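Enquirer: First the structure, then my questions, so here it is.
The values are calculated or read from the model by the stated rules, or taken from the named source; none is laboratory data. What you are looking at is a predicted structure, and each value in this text was computed from that prediction instead of being measured. Positions of Cβ are backbone-derived with ideal geometry, glycine not excepted, and every protein chain shown enters the neighbour counts.
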Amino acid sequence: MEDVTRAQWVVLIVRLPAQPSRHRVAVWRELRRVGALSLGQGVWAAPEVAVFADGIERAVAMTERAGGEAVALRAGGRGPADAERLRDMFAAARAEDWAEFVADCGKYLAELEKETRQAKFTLAELDEEEQSLERLRRWHRDLRAKDVFGSPGAAEAEERLAACVRRFEEYGERVFAHLHAFDAPGDGA
């Protein structure tokens, strides 16, 4: 885990024209996507580590293309208390991300249960569920990359993703068993 008293941060100050608003929304989305922490209107922070660098650069480029201005500063806090407060804010944002991920895993598991109860054992449904599982895997990978301080929520998320994988495999076995039951030769035909 990173030493909070030594962590360096990139603080990005973004100023964009009020109209059209799509530029502000696009920059906001990019910074949220990479895991930057909103400190106030147009002010963002991210740990100064490689995983955030490309997203920060994309946000700066988007801002400039939209006729705005962006200033990136290096910060570390005036003292250990400031550095710890910034790290805690960042950790809280990651905890929210992990909680949302865990909730989506719950929805995925509920969907598989519903399909099983309804005996919806088709290849089309299996493909749809596999795509949903892949989305969860990508999301988990992205969250893990952004979680540079090691949020406690990551362990529960790992367990929930593993449960999703196991349940998908069980569902897949049921689909194939169901399909092969119709392929089996009849006993008197």
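Enquirer: Since S132 meets every condition but one in (1) within 27 Å of L179 (Cα to Cα); (2) assigned to a loop (DSSP other than H, G, I, E, B); (3) hydroxyl-bearing (S, T, Y), which condition does it not meet?
Expert: With respect to (1) within 27 Å of L179 (Cα to Cα); (2) assigned to a loop (DSSP other than H, G, I, E, B); (3) hydroxyl-bearing (S, T, Y), S132 is out only on (2).
Enquirer: Going by the structure shown, is F52 under 20 Å from F149 (Cβ atoms), in the same structural domain as A154 (by TED's automatic domain parsing), of a type in the set (F, W, Y) and not in a loop (DSSP other than H, G, I, E, B)?
Expert: For F52, the condition - under 20 Å from F149 (Cβ atoms), in the same structural domain as A154 (by TED's automatic domain parsing), of a type in the set (F, W, Y) and not in a loop (DSSP other than H, G, I, E, B) - is not met.
Enquirer: Can you find a residue that is buried (at least 19 other Cβ atoms within 10 Å of the Cβ), in contact with an Asp or Glu (Cβ under 6 Å, 6 or more places away or on another chain) and farther than 28 Å from V175 by Cα anywhere in segment 130-144?
Expert: Yes.
Enquirer: (1) closer than 30 Å to P17 by Cβ; (2) in contact (Cβ under 8 Å) with a residue 40 or more places away in the chain: which one isn't true of E57, the others all being true?
Expert: (2)
Enquirer: Now, a different point. Across segment 65-84, what is the total count of residues that are assigned to a helix (DSSP H, G or I) and either at pLDDT 95 or above or buried (at least 16 other Cβ atoms within 10 Å of the Cβ) (or both)?
Expert: Here is the first cut: in segment 65-84, the residues assigned to a helix (DSSP H, G or I) are 65, 80-84.
Next, from what is left, pick out any that are either at pLDDT 95 or above or buried (at least 16 other Cβ atoms within 10 Å of the Cβ) (or both): 83.
Residues that pass the stated criteria total 1.
Enquirer: Separate question: From P20, P47, which residue is without any contact (Cβ under 8 Å) to a residue 12 or more places away in the chain and not assigned by TED's automatic domain parsing to the domain that holds D142?
Expert: Result: P20 is the single residue among P20, P47 that is without any contact (Cβ under 8 Å) to a residue 12 or more places away in the chain and not assigned by TED's automatic domain parsing to the domain that holds D142.
Enquirer: Take segment 34-44 and flag every residue that is free of Cβ contacts under 8 Å to residues at least 24 places away in the same chain and either of a type outside the set (S, T, Y) or in contact with a Cys (Cβ under 7 Å, 6 or more places away or on another chain) (or both). I'd like the intermediate steps shown before the answer.
Expert: Pass one, segment 34-44, residues free of Cβ contacts under 8 Å to residues at least 24 places away in the same chain: 38, 40-41.
The answer is G40, Q41.
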